[in-house]
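Remarks on the structure that follows.
No lab work stands behind these numbers, since they all come straight from the coordinates. Just so it is clear, the structure is predicted and the values come from calculations on it, not from any experiment. We place every Cβ from the backbone using ideal geometry, glycine too, and count neighbours over all the protein chains shown.
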Amino acid sequence: MKCFCIFEKTNITDDVRVSQIGFSWYAFLFGPLWGLTNRVLDFSIVWIIFILLTQIIAQETVPGNFFIIVLFCSNLFWGFFGRDLKIQKMLGEQYKPKKLVNAKSTNLALAIYLSEKK
């Protein structure tokens, strides 16, 4: 089973978001592009600029597969910390963590939380 964290907006109890916790294969495979689709825009844009600058510098100065190594390390970072960045963004938007739920899917985690809430 997967572990999900349920968030509610501070002043609005009907605004509920669910975020899975842990390593993300999609974030690992797609890196900052995953961040662009998951509301981590500012960090993703900075990361894309960093990768592009690394590519430009690597072409001019470093022989070999330096850029590939940097890209792999970047995606490894996103795989381990992408969901944490998403959670930090929600905390900055005044969402409060309410409960941790073990479930097979996001929808099931939300259903479990809402059924226990009432």
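For the pair Cys3 and Ile112 in one chain, pulling the backbone fully straight at 0.36 nm per residue adds 38.0 nm over the alpha carbon distance. Annotation note: chymotrypsin sites (Phe, Trp or Tyr not before Pro) in region 13-94 located in DSSP loop regions with a Cβ neighbour count of at most 14 within 10 Å are Phe23.
How much length would be gained if the chain were fully extended between Asp84 and Thr10, taking 0.36 nm per residue of separation minus their Cα-Cα distance, in nm to one decimal?
24.7 nm
Here is the list for region 1-82: trypsin sites (Lys or Arg not before Pro) lying in DSSP coil, each with at most 15 other C-beta atoms within 10 angstrom of its C-beta, are Arg39. Any idea what log10 I(q)/I(0) is at q = 0.12, 0.14, 0.22 Å⁻¹ for the chain, Debye with uniform C-alpha scatterers and no solvent? For the chain, the Cα-only Debye profile gives -0.52, -0.65, -1.18.
With contacts taken as Cα pairs under 8 Å and at least 6 residues apart, the chain reaches a relative contact order of 44 percent. Computed from point charges on the beta carbon alone (+1 for Lys and Arg, -1 for Asp and Glu), the dipole magnitude for region 1-61 about its Cα centre is near 160 Debye. In this calculation the C-beta distance from Leu29 to Ile49 is compared with R0 = 22 Å, giving a FRET efficiency of 0.60.
Each Lys and Arg adds +1 at its Cβ and each Asp and Glu adds -1 at its Cβ; summed about the Cα centre, region 2-117 shows a dipole of about 440 debye.
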